[in-house]
Structures are given as structure tokens and as C-alpha cells.
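Enquirer: I am attaching a structure below and will ask some questions about it afterwards.
The values are calculated or read from the model by the stated rules, or taken from the named source; none is laboratory data. Note that this is a predicted model, so its numbers are computed, not measured. Here Cβ is always computed from backbone atoms with ideal geometry, including for glycine, and neighbour counts include all displayed protein chains.
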Amino acid sequence: MGQRVDAQGVSGARISADHYHDKVAAGQGALAYEFCKSKGLVLGLAGLRIPRKEMENKPNTVHVVTGRGIWSTAFDYTAAEVQLTPETLSPVRGDQPFPGFDEDGVIVVGHLPPTKTGLGVFWMTMYKIAHQPNGHKPL
């Protein structure tokens, strides 16, 4: 999925919260996304599955985790997609702005209650930053 897109001003990868990349549902067998460095990306939510028992705690946050920090953004669970950019992601701790997707990390879709404690995880994927577009090596 190293496809380049421009969705409402976001140039970068477009990924989906699907079953194949979900470490919550598929565990170690889940695929990792790979895309080129970018300022941001678009996370499609159409494939997100909400267990019936969790219907009262609908997903409302996306977290991006790297070796340098954790950033999050809130969203309405009826949204078709979420933009993950320096403008939409806020630091969970500290004040370091989101640097863009320039190192490997994890993306988590979850429910954060009003108390802001106890993140419930619905979907999680690992991603890797490709050094060459679409995995191609230079000649």
C-alpha cells in the first residue's frame, strides 16, 4: 500500500483499518504497512470492526507511537477516514509536535473515556518506512 494520494491536502499514504493489518484480531499473523516518508497519511475506517459487546464504547481516538513519542487525535466514529498529520496530531506527553511519518511505528485506533485514562484498543497496526518507493531498489 505504498500508494501516493492527496486527500483534502494530505499527501502521503492511504491505509485502511482492515482485518489483515490488525494486530488485535490477527495477532502475530497481521501484516505491517509499508510506505515512504511523508508529512501525513489518511487512515480509512470503513474496514474497522467494532465488537458488539463494545458498542457503548465506540472508537474515538487514533494514537501514533514511535521511538520519539506518542501523538493522538480525536475523531467521530462515524467518520469515513481520519487525517494523521502534524496539524491533527497532538503530543500525549510533552510538547514535541508530530514530526511526520519518518520512522517505523504503530498506529492504534481506540476508545478513550472522558477521564482520559484506560485506552481501549480496537485496532492496531505496525508500519515501516520504505527507503525506496514501492520497495524498488535503485539500478
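Enquirer: Would you pick out the residues in the range 57-109 that are more than 19 Å from ALA17 (Cβ to Cβ) and in contact (Cβ under 8 Å) with a residue 60 or more places away in the chain?
Expert: Selection gives GLY100, ASP102.
A quick yes/no check of all residues on (1) of a type in the set (Val, Ile, Thr); (2) modelled with pLDDT of 95 or more; (3) out of contact with any Gly (no Cβ under 6 Å at 6 or more places or on another chain):
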position: GLY47; (1), (2), (3): no, no, yes
position: VAL62; (1), (2), (3): yes, yes, yes
position: PRO114; (1), (2), (3): no, no, yes
position: VAL121; (1), (2), (3): yes, no, no
position: MET124; (1), (2), (3): no, yes, yes
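Enquirer: Taking the residues in the range 3-28 that are at positive phi and surrounded by fewer than 19 Cβ atoms within 10 Å (Cβ to Cβ) as candidates, determine which candidate is modelled with the highest pLDDT.
Expert: The selected residue is GLY27.
Enquirer: If you don't mind, there's one more thing I want to ask. So LYS128 ticks every box in (1) over 16 Å from ALA13 (Cβ atoms); (2) among the basic types (Lys, Arg); (3) in contact (Cβ under 8 Å) with a residue 40 or more places away in the chain but one. Which box is left unticked?
Expert: (1)
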